[in-house]
């Protein structure tokens, strides 16, 4: 969450059940936000205990995939994925989702979303697609949604929001099997390396067993292997640690010694974020001393060096900025980094080497943004720094703050770590990092997945073929016998010429 926050304090391991305000005390954003997180954690944990990893109510369960007038429609109702409530109004089809647009093929006809091309082609084939729900939370400020401004007070930026984003996606059966086989091979190699070094590979062996079982299920009966492809999702294993240079901090907080461990003049919330994902040595990172909260709307991009923004204050010459938009964010892609050489009123002028990159970002009517990052130096790669592969290398950020990335880790774009730095000192001499030099897993916009069904052609011995959906939805019967609404009937085929009837649908039901 790239917002103007003092710190993000919630940690489930603390087992806090509520936040208690005390009279006459300072009110802090961190306390109010932690209260919300405690309640949300409780509610989502409860929902997951009831529905399992994914499921919906029997009467109003949503996200049933059906063909209506040659369109793959996403059914209305509710569904819970890892305790997160997802709601569909039932008016959207696969190609017209509120927060996801399946990619079009390239100019040469290659690439793009496989299911999109499959649905467009009316020629029966043997390909099958696994449809699934990708659920995550998006941080929304007044930059992304103008309605968050309070017009009665002149339009100030007040509180931000988090928004549940659900996206119905699909993967080809062959691609899933190929990817799982590659993971299988990589894990076998990793296990051998660990055991040869005398280490414990029990976690890797457990993962390998699950992948082996998933491959076997897919080969035996794909229609019944609803959850098997979930083993192909990997959140990344990269970790980071932080520390401060060894030095003595004066006892008087108003005096900052030049050799102090944290030498910053102000309290900061440092954000270290992975820009380009991959292994150490390939992945890159960027950082901000203000949690990436210094941002403005991109109002005009003339395709050259001049970028008109809503507010150029806070964007100094020589700094790196990230150009992005809603579409990139919803696809999980990082923005484009360019460097400012000059600021004229509300216009940022970028250097010649950045012009080509800036041309790739056009002003999106759904809100394009410009965000400030604070990394500097001559060794940057297109504005970002490479993760070091040497296990003993610590990277200097500023004012004595250093970070170190796990050289054996695998990193994902958008992974981030937060380091509150305080002038008055703290448990670690100026930064709140109670983990020592042990690498910590990244925070992230965590994605949660649930299978929706298998889609493929059904070709009966006689009659016209049609696209069939074998759904993978799980439903939960009410805990009481009282039922206010009639259970939605399961549609059955009445005309074999209608593409995508509910023929052969198998509804999975929890007791």
Practice problem: Look through 76, 59 and report the one residue that is at pLDDT 90 or above and either in contact with a helix residue (DSSP H, G or I) (Cβ under 6 Å, 6 or more places away or on another chain) or more than 25 Å from residue 224 (Cβ to Cβ) (or both). | Solution: 76
Self-check item: Odd one out for residue 167 among (1) touching a helix residue (DSSP H, G or I) at 6+ places or on another chain (Cβ under 8 Å); (2) free of Cβ contacts under 8 Å to residues at least 40 places away in the same chain; (3) part of a strand (DSSP E or B)
Solution: (2)
Quiz item: When you go through 441, 420, 434 one by one, which is the residue that is in contact (Cβ under 8 Å) with a residue 12 or more places away in the chain and surrounded by fewer than 17 Cβ atoms within 10 Å (Cβ to Cβ)?
Solution: 441
Exercise. Among the residues of the stretch 127-161, write down those that are farther than 30 Å from residue 454 by Cα and in contact with a helix residue (DSSP H, G or I) (Cβ under 9 Å, 6 or more places away or on another chain).
Key: 140, 141, 142, 144, 155, 157, 158, 159, 160, 161
Quiz item: Failed condition for residue 335, given (1) farther than 30 Å from residue 407 by Cα; (2) under 21 Å from the mean Cα position of the chain (by Cα), with all others met?
Solution: (1)
Quiz item: Which members of the stretch 365-380 meet the condition of being in contact with a helix residue (DSSP H, G or I) (Cβ under 6 Å, 6 or more places away or on another chain) and either surrounded by 15 or more Cβ atoms within 10 Å (Cβ to Cβ) or part of a helix (DSSP H, G or I) (or both)?
Solution: 367
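Among residues belonging to the stretch 452-476 that are assigned to a loop (DSSP other than H, G, I, E, B) and in contact with a strand residue (DSSP E or B) (Cβ under 7 Å, 6 or more places away or on another chain), point out the one that is modelled with the lowest pLDDT.
465
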Practice problem: Within the stretch 381-392, identify whether any single residue is closer than 29 Å to residue 266 by Cα, surrounded by 16 or more Cβ atoms within 10 Å (Cβ to Cβ) and at pLDDT 90 or above, and answer yes or no. | Solution: no
Quiz item: Counting just the residues of the stretch 196-209 that are exposed (fewer than 13 other Cβ atoms within 10 Å of the Cβ) and outside any loop (DSSP other than H, G, I, E, B), which one comes out modelled with the lowest pLDDT?
Solution: 203
Self-check item: strands (runs of 3 or more DSSP E) enclosed by the stretch 34-101 - at least 3 residues per element that are touching a residue at least 24 places away in the same chain (Cβ under 8 Å) and over 19 Å from residue 454 (Cα atoms)
Solution: 84-88
Practice problem: Examine the stretch 119-135 for a residue that is within 30 Å of residue 370 (Cα to Cα), assigned to a loop (DSSP other than H, G, I, E, B) and in contact with a strand residue (DSSP E or B) (Cβ under 8 Å, 6 or more places away or on another chain), and state whether such a residue exists. | Solution: no
Self-check item: Inter-residue pairs, beta-carbon under 8 Å, first closer than 20 Å to residue 435 by Cα and in the stretch 8-30, second part of a loop (DSSP other than H, G, I, E, B) and modelled with pLDDT under 90, 6+ apart
Solution: 8/1
Practice problem: Mind telling me which of the residues 30, 59 ends up being under 25 Å from the mean Cα position of the chain (by Cα), farther than 23 Å from residue 466 by Cα and surrounded by 14 or more Cβ atoms within 10 Å (Cβ to Cβ)? | Solution: 30
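The values are calculated or read from the model by the stated rules, or taken from the named source; none is laboratory data. Values in this document were obtained by computation on a predicted structure and should not be read as measured data. Here Cβ is always computed from backbone atoms with ideal geometry, including for glycine, and neighbour counts include all displayed protein chains.
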